[in-house]
Amino acid sequence: MATNRWLATGNFFSSYREEQRIFFTALDRSALLASLCLLVLWPLLVTIDGKYMLVIDTILVAVVAVLGLNLVTGFAGLISIGHAAFVGIGAYTVASFARLLGENHVVLTHAWPLLILLGGLVGAAFGALVGLPAMRLKHLYLAIATLSFQMIFQWVINFMDFFNQGQTISVGRVVWPGGTVTRGQHYLFWYYVILTVIVVLAFAVRNLLRTRYGRCLIAVRDNDRAADAMGMHPGLTKVYAFALAGFFAGVAGGLQAYLYRGVGIESFTLHHSINYLAMAIVGGLGTLHGAFWGPAAIKALDLLVEGFSAWVGEMLTISGNLATAFKPLSFGLVIVLFLMFEPRGIANWWRIARSYVKQWPFRY
Amino acid sequence: MSYFLQLVVSGIVVGSIYALSALGFVLIYKSSRVLNIAHGQIIASGAFITYSLTVWMGIPLVLSFALGLCITFFLAMSVERIFLRRLIGEPIISVIMVTIGLMSILDGIIYLTPFGTENFSFPPFLPTTPLVFSGVSVSWTQLVGVALTAAMIGGLSWFFRRSTMGIAMRAVADDQMAAMSIGISIPKVFGLAWALAGMSAAAAGALIGNITGLNFDTLHAFGITVFPVVILGGLDSILGAVVAGIIMGLIQQFAAGYLDGSWGLSSTGEIMPYLILLVILLFKPHGLFGIHEIERV
C-alpha cells in the first residue's frame with residue numbers, strides 16, 4: 001500500500017501531543033462514558049430472554065477476538081487465516097485444566113480470571129511461534145503459513161485423546177464473591193465480565209496505537225522498507241503483532257470456554273477463521289471501532305439468514321436445513337461486496353455520518 | 001516390497017491429480033499474482049458439473065467430461081471478469097480476501113445442491129477388475145486418470161511453448177509493463193489464465209470423482225492441500241507444480257501406509273503436507289523451482 005488509504009484526509013493537528021490524545025474532543029469522552037453507562041445499566045432495567053443474552057455475549061466474545069485480528073490484519077497488514085485456531089488455543093488451555101483436574105476443580109471455579117489470562121498468554125506464545133516465518137516472509141506466504149497452522153491445530157485436537165478428540169470438554173460453573181453463578185445468572189454474569197475485558201482491551205489497543213510500538217505496526221504495514229530505514233525492525237514487529245493477536249484471541253477463547261461451559265473443536269474450524277476475517281473486513285480493517293461493528297453486523301446477518309432460510313424452507317417445503325447453504329453464501333457475498341464497494345467497512349459509514357452531523361448545516 | 005510398490009502406485013495416482021490441480025493454481029498466480037483460495041471449490045464444481053451431466057442428463061461420460069471442462073472454462077472466466085477484474089491494482093490483502101469470499105459463495109451454492117451433503121459415485125465405465133502386475137494392482141480408472149493428467153499437462157505445456165496466446169501469457173507473467181507495451185491485452189490474459197485454471201481444476205475434480213467418489217468434504221480438503229503442493233514446487237513454476245504434486249502424493253501415501261497405526265497415530269496423510277509446508281516456508285520459501293524473488297524483511 002503506497003498511500004495510507006485507511007486514514008481520512010485532512011489532518012489538522014498542530015502538535016504531536018494533540019495527535020496522541022486518546023479522546024479528540026470532550027464530546028467524544030462524554031459520549032463514550034454515556035454509552036458505557038448505558039451498556040452497564042440496560043440489563044438491570046430490561047430483562048431479556050437468556051437466548052438473546054447468549055447472542056449478545058457471543059458478539060462480545062467475537063469483539064475481543066476481532067480486536068486482535070484487527071491488530072494483525074488491519075494495523076500490521078498481515079493476513080491471518082488461522083485466527084480461530086488461536087481462539088481455540090485459549091479455549092483449550094482452559095479445557096486442559098478441566099481435563100486434568102476435573103471440571104469442577106477449585107482452580108477452574110475460583111481462579112477463572114487467571115485461567116483466562118493464561119489462555120491469552122498461551123495464545124500469545126503460539127502467535128509468536130506462527131509469526132516466526134514473518135521474519136522472512138511476506139503477506140502471501142504468511143497467509144499460507146497461518147492456514148497451515150489452522151489445519152495442524154485441527155488435526156492435533158482431533159487426534160489427541162487428551163483433548164477428547166475434539167468432542168466437547170465441559171467446564172464447570174464459576175464462583176465469584178457473590179457465590180456460585182447460577183444458571184439464571186450465567187449469561188448476565190458473563191456479559192459483565194466480557195464487557196469489562198473489552199473495555200480494558202479496547203483502551204489497551206487505543207493506547208498502544210499512540211505509542212511507538214503501535215505506530216511501528218502501522219509503519220510496517222504502509223511501507224516496510226521505509227520502516228526499516230527509519231530504524232524499526234519489520235520482522236520483529238510482525239512477530240509481535242502476531243503475538244498480540246494471539247493474546248487477544250486466547251482471551252476470547254478462554255471467555256468462550258466459560259461462556260459455553262464447554263470446549264469442542266467445532267467452534268474453531270477454518271470456517272470460523274473466515275468468519276472472523278469477515279467480521280474484521282465488514283467492520284473496517286485498521287479502525288478501532290470497526291472491531292465492534294463487524295461482529296455485530298455479521299451476527300445480525302447470521303440471525304437474519306437463519307430466519308430467512310427457515311421461512312424459505314417452509315415456503316418451498318424443503319426438509320433439509322437451508323441455513324447451511326445460505327450462511328456461507330451470504331458471508332461470501334458480504335465480504336466480496338464490502339471489498340468491492342466499501343473496503344473501509346462500516347467504520348467508514350460511521351465516519352461519514354459523524355462528519356455529516358458535525359458539519360451540519362454548513363456542508364461545504 | 002509389493003506393499004511399498006502399491007503405495008508408490010497410489011502415490012503417483014493421487015500425486016498426478018495434485019499436480020493437475022496445482023497447475024491451475026500456479027497458472028493464476030503466475031499471470032495475475034492472485035492467490036486463489038477458492039481453488040478447491042472450483043475443483044469441486046467441475047466434478048459436480050461433470051457428474052450431473054453424466055448421470056442426470058444421460059450424456060456419455062467422455063462427452064460430459066469435455067462439456068464439464070468447457071463449462072468450468074467459462075465459469076472461471078466469468079469469476080475473473082465479475083470479481084477480480086475490478087480489483088486489479090488493489091492491495092494484495094483485498095485480493096486474497098475476495099478469493100476467500102468467493103470460496104464462501106461457491107460453498108453456499110454447492111450446499112444448495114444435493115452435492116453439498118450427499119455422496120455420489122460415477123457409474124463405472126471401465127472394466128472394474130484391476131490390472132495386477134506382480135502383486136501390485138492398478139485399477140483402470142487410476143491408469144486412465146494418470147494418462148489423462150499427463151495428456152492435460154502435455155497439452156498445456158505445448159500451449160505455453162508454441163501458441164501465440166500461450167507465449168503472450170508467459171510474457172505477461174514475466175513483465176506486465178513490457179507485455180503491455182507490445183500490445184498484449186492484460187485483461188484478456190488474466191481471463192484466459194483463470195479459464196485454463198478452471199479447466200484443469202475441473203479435470204482434476206472429475207478424476208477424483210471417478211477414482212474415489214464424490215464427496216464435498218474430500219474435494220474441499222483437496223483444494224486446501226494444493227497450498228502445500230504449490231509452496232513445495234514454488235508458487236510460480238509449472239514444472240514445480242507437477243513435480244511437487246507427485247512428491248506430495250507419494251509422501252501422503254507413505255505416511256498413511258507406514259505411520260498410521262504405529263504410536264497410535266491416525267490420518268497422518270492429511271497432516272503431513274502441512275508440516276512439510278511449514279518446514280519449507282521456514283527454510284526454503286521459494287520452493288524447489290520457484291524464482292528467488294522473496295524479499296527478506
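Values in this text are rule-based calculations from the coordinates and carry no lab data. Since we're looking at a predicted model, the values are computed, not measured. Heads up, the Cβs are rebuilt from the backbone with ideal geometry, glycines too, and the neighbour counts pull from every protein chain shown.
Per-structure values
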{"quantity": "Whole-Hz couplings from phi, Karplus 6.51/-1.76/1.60, listed for the stretch A:285-298; x for Gly and Pro", "calculated": "5, x, 10, 6, 6, x, 5, 8, 5, x, x, 4, 5, 5"}
{"quantity": "Under 19 Å from residue A:238, Cα to Cα: aspartates and glutamates that are on another chain or at least 8 residues apart", "calculated": "A:222, A:224, A:228, B:295"}
{"quantity": "Spatial separation of Cα centroids for the stretch A:159-190 and the stretch A:322-355, in angstrom", "calculated": "33 Å"}
{"quantity": "For the protein assembly as shown, size of Cβ-based charge dipole, Lys and Arg +1, Asp and Glu -1, in debye", "calculated": "1660 debye"}
{"quantity": "Label-zone membership for the stretch A:290-305, site residue A:42, 7 angstrom Cα→C-beta point, backbone N under 19 Å", "calculated": "A:290-304"}
{"quantity": "Ascending count of other beta-carbon atoms within 10 Å, so fewest first, for A:293, B:194, B:56", "calculated": "B:56, A:293, B:194"}
{"quantity": "Cα-based reach from residue A:358 at 17 Å (exclusive), listing aspartates and glutamates while leaving out same-chain residues under 8 positions away", "calculated": "A:28"}
{"quantity": "Reachable lysines from residue A:299, criterion Cα separation under 25 angstrom, eight or more residues apart if same chain", "calculated": "A:51, A:327"}
{"quantity": "Spin-label model distance (nm) - residue B:74 vs residue B:260, 7 Å beyond Cα toward Cβ", "calculated": "4.1 nm"}
{"quantity": "Chain A: relative contact order as a whole-number percent, Cα under 8 Å and 6+ apart", "calculated": "28 percent"}
{"quantity": "CD proxy at 222 nm, helix term only [per DSSP H run n ≥ 4: -39500 (n - 2.57); per residue of chain A; nearest 500]", "calculated": "-23000 deg cm²/dmol"}
{"quantity": "Under-5 Å amide H pairs with residue A:176, H placed in peptide plane, nonlocal only", "calculated": "A:181"}
{"quantity": "Rounded to whole Hz, the Karplus (6.51, -1.76, 1.60) HN-Hα couplings of the stretch B:196-213, x for glycine and proline", "calculated": "5, 4, x, 5, 5, 4, 4, 4, 4, x, 4, 5, 4, x, 6, 7, 10, x"}
{"quantity": "For the stretch A:227-284, diffusion coefficient by Stokes-Einstein and Kirkwood Rh (Cα), 25 °C, 0.890 mPa s, µm²/s", "calculated": "179 µm²/s"}
{"quantity": "Förster-model FRET efficiency, 51 Å R0, residue A:110 and residue A:29, C-beta, rounded to 0.05", "calculated": "0.90"}
{"quantity": "Spin-label pair residue B:112/residue B:279, simplified geometry with 7 Å Cα→Cβ offset, distance in nm", "calculated": "4.4 nm"}
{"quantity": "Exposure proxy ranking, count of Cβ atoms within 10 Å, fewest first, for A:216, A:37", "calculated": "A:37, A:216"}
{"quantity": "Distance histogram in 5 Å bins (all Cα pairs of chain B, percent per bin)", "calculated": "1, 6, 11, 16, 18, 17, 14, 9, 5, 2, 1, 0, 0"}
{"quantity": "Shielding score for B:105-113, defined as the mean number of other chain Cβ atoms within 10 Å", "calculated": "6"}
{"quantity": "Cβ neighbours within 10 Å from other chains - mean over A:150-157", "calculated": "4"}
{"quantity": "Lys, Arg +1 and Asp, Glu -1 on Cβ, resulting dipole of the stretch A:47-269 about Cα centre, debye, nearest 20", "calculated": "460 debye"}
{"quantity": "Per-peptide average of other Cβ atoms within 10 Å, ordering A:68-81, B:108-121, A:276-289 highest first", "calculated": "A:68-81, A:276-289, B:108-121"}
{"quantity": "Two-site label geometry, residue B:217 and residue A:271: point separation in nm, points 7 Å out along Cα→Cβ", "calculated": "1.1 nm"}
{"quantity": "Rounded if a/c under 1.5, otherwise prolate or oblate - chain A, Cα gyration tensor axes", "calculated": "rounded"}
{"quantity": "Gain upon complete extension [residue B:88, residue B:178; 0.36 nm per residue less C-alpha separation]", "calculated": "30.7 nm"}
{"quantity": "Whole-number percent relative contact order across chain B, with pairs defined as alpha carbons under 8 Å at least 6 apart", "calculated": "36 percent"}
{"quantity": "³J(HN,Hα) computed for each position of the stretch B:168-180 - Karplus, 6.51 cos²θ - 1.76 cosθ + 1.60, integer Hz, glycine/proline x", "calculated": "4, 5, 5, 4, 5, 4, 6, 7, 4, 4, 4, 4, 4"}
{"quantity": "Under-5 Å amide H pairs with residue A:262, H placed in peptide plane, nonlocal only", "calculated": "A:171"}
